[in-house]
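J.: Have a look at this one.
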Amino acid sequence: MSIWKCNDTIDDLKNRSKNTLVENIGIEYLEIGDDFIKAKMPVDNRTRQPYGILHGGASLAFAETLGSVAARLSIDNSKKRCVGLEINANHVRSASDGFVYGIVKPLNLGNSIHVWEIKISNEEDKLICVSRMTLSILEK
């Protein structure tokens, strides 16, 4: 059974991302499952730090994008809105090229607080970063 209350498609997410940071750093949505969203982000000149590896801030931007989108899709947007409260990340491995893949899944979907886990892995499915995002769910 799906957790989503909004019927957005991959194309809807892509269109909503035009002319934003999401588009500028190359985040591409790949799949919306029953309880997850999967996307990819390039490790290139837009997302690398001066030492040639994926910038931790780019990983956090990727994680926050996935957490925010997932929270928005899981609420009734005609009555509620979501705002980020906190995000953290543990960077466990570096990446220097190719793509990284992010998967967001809920840890808690309460009426007023959501907690989402975002795992970012490389093309060999090795964990690069794990992040947790907390959002407040507010009445409009």
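The values are calculated or read from the model by the stated rules, or taken from the named source; none is laboratory data. Values in this document were obtained by computation on a predicted structure and should not be read as measured data. We place every Cβ from the backbone using ideal geometry, glycine too, and count neighbours over all the protein chains shown.
J.: Looking only at region 57-79, which residues are surrounded by fewer than 17 Cβ atoms within 10 Å (Cβ to Cβ), touching a residue at least 60 places away in the same chain (Cβ under 8 Å) and not hydroxyl-bearing (Ser, Thr, Tyr)?
T.: Within region 57-79, ASP76, ASN77, LYS79 qualify.
J.: If I filter region 73-85 for residues that are hydroxyl-bearing (Ser, Thr, Tyr), assigned to a strand (DSSP E or B), closer than 19 Å to MET133 by Cα and modelled with pLDDT of 95 or more, do I get at least one hit?
T.: no
J.: Any residue in region 88-99 that is among the β-branched types (Val, Ile, Thr) and crowded, with 18+ Cβ neighbours inside 10 Å?
T.: Among the residues of region 88-99, not one is among the β-branched types (Val, Ile, Thr) and crowded, with 18+ Cβ neighbours inside 10 Å, which makes the answer no.
J.: What number of residues within region 58-82 are closer than 16 Å to LEU13 by Cβ and among the acidic types (Asp, Glu)?
T.: 1
J.: Please tell me if GLY110 is surrounded by fewer than 17 Cβ atoms within 10 Å (Cβ to Cβ), within 23 Å of ASN45 (Cβ to Cβ) and not hydrophobic (A, V, I, L, M, F, W, C).
T.: The answer is no for GLY110.
J.: Another question, if that's okay. Quick one: is ARG93 of a type outside the set (A, V, I, L, M, F, W, C) and assigned to a strand (DSSP E or B)?
T.: Against the criterion (of a type outside the set (A, V, I, L, M, F, W, C) and assigned to a strand (DSSP E or B)), ARG93 does not qualify.
J.: For region 14-49, give me the residue count where each residue is over 22 Å from ASP97 (Cα atoms) and among the small types (Gly, Ala, Ser).
T.: The total comes to 2.
J.: Which residue pairs have Cβ atoms closer than 8 Å, lie 6 or more positions apart in sequence or on different chains, and pair a first residue in region 108-125 that is under 23 Å from SER96 (Cα atoms) with a second residue that is basic (Lys, Arg) and part of a loop (DSSP other than H, G, I, E, B)?
T.: These pairs meet every condition: ASN122/ARG93.
J.: Within region 102-116, is there a residue that is outside any strand (DSSP E or B) and of a type in the set (A, V, I, L, M)?
T.: Looking for residues that are outside any strand (DSSP E or B) and of a type in the set (A, V, I, L, M), one finds none in region 102-116, hence no.
J.: Looking at region 119-131, can you tell me whether even one residue there is farther than 21 Å from LEU30 by Cα, of a type in the set (Gly, Ala, Ser) and assigned to a strand (DSSP E or B)?
T.: Checked against the condition, which is being farther than 21 Å from LEU30 by Cα, of a type in the set (Gly, Ala, Ser) and assigned to a strand (DSSP E or B), region 119-131 yields no hits at all.
J.: Separate question: If a residue must be closer than 17 Å to SER74 by Cβ and of a type outside the set (Val, Ile, Thr), how many such residues does region 95-140 contain?
T.: Total satisfying the criteria: 19.
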